[in-house]
Amino acid sequence: TCINMKRLFLIVVITLLASFYMNPLSTDAALVDGIHTINYQVNKPDSSSASIANDYFTKPAKLIVDNGTMKVQITIKNSSWVTEFNPPGGVTVISSNPGSNERVVQFSINNFNPIRVEMTVDIDDLDYHHSYGTDFVFFENSIQLVEAAQKPQQNTQPNTGSQSSNNQSGENGESANN
């Protein structure tokens, strides 16, 4: 039975070590407020394979963190082809440049799980007109801080007591001039 106890102990230790090795501590710690970059890939739905649409987007994305709220900004290349782009919660067009055929869009994310984005691609020259879903997969381990948010400066001037109080009431709320 002593040998069985040693085996059981060894199995438990190996299992614990393997679980730490296979599942390192989460990097879900709060990100610093500011502007970051994050790599991503546009995949076929429910797949680890890149969609053809992956080539329609510039990498990396800009990740903006403000008090725990995360938004990503993505540049769409060949913007005129992507006639609809619908992530959950909607999208805001930050800028559009018809000359370079690019559009920067922004949408919110709650975490780094794949995000289903419905899109429509219309390429008249190729008579290609299709709507489909894609999964935007953000690689959390690629996050790089570009610029930390500026903290508001505190008033560092000492209080000289030069400000007077107009409240002249006594302890009982009665006027001190009675």
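The values are calculated or read from the model by the stated rules, or taken from the named source; none is laboratory data. Note that the structure is predicted; figures quoted are calculated from it, not measured. Here the Cβ positions follow ideal geometry from the backbone for every residue, glycine too, while neighbour counts run over all protein chains shown.
Things to note:
- Checking each residue in segment 71-84 for being assigned to a strand (DSSP E or B) and not hydrophobic (A, V, I, L, M, F, W, C) picks out LYS71, GLN73, THR75, THR83, GLU84.
Rundown of residues vs (1) surrounded by fewer than 14 Cβ atoms within 10 Å (Cβ to Cβ); (2) of a type in the set (Ser, Thr, Tyr); (3) in contact with a helix residue (DSSP H, G or I) (Cβ under 9 Å, 6 or more places away or on another chain), yes/no style:
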| site | (1), (2), (3) |
| --- | --- |
| GLU84 | yes, no, no |
| PRO87 | no, no, no |
| GLU102 | no, no, no |
| GLN106 | no, no, no |
| PHE112 | no, no, yes |
| VAL121 | no, no, yes |
| ASP124 | yes, no, no |
| TYR132 | no, yes, yes |
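- Under the condition of being within 24 Å of ASN43 (Cβ to Cβ) and not in a loop (DSSP other than H, G, I, E, B), the residues counted in segment 85-115 number 14.
- Every pair of residues 6+ apart whose Cβ atoms lie under 9 Å, when the first sits in segment 84-97 and is closer than 19 Å to PRO114 by Cα while the second is at pLDDT 95 or above and not in a strand (DSSP E or B): PHE85/VAL91
- Filtered by the rule that a residue be hydrophobic (A, V, I, L, M, F, W, C) and within 18 Å of ALA50 (Cβ to Cβ), segment 91-146 gives PHE112, ILE115, VAL117, MET119, VAL121, PHE136, VAL137, PHE138, PHE139.
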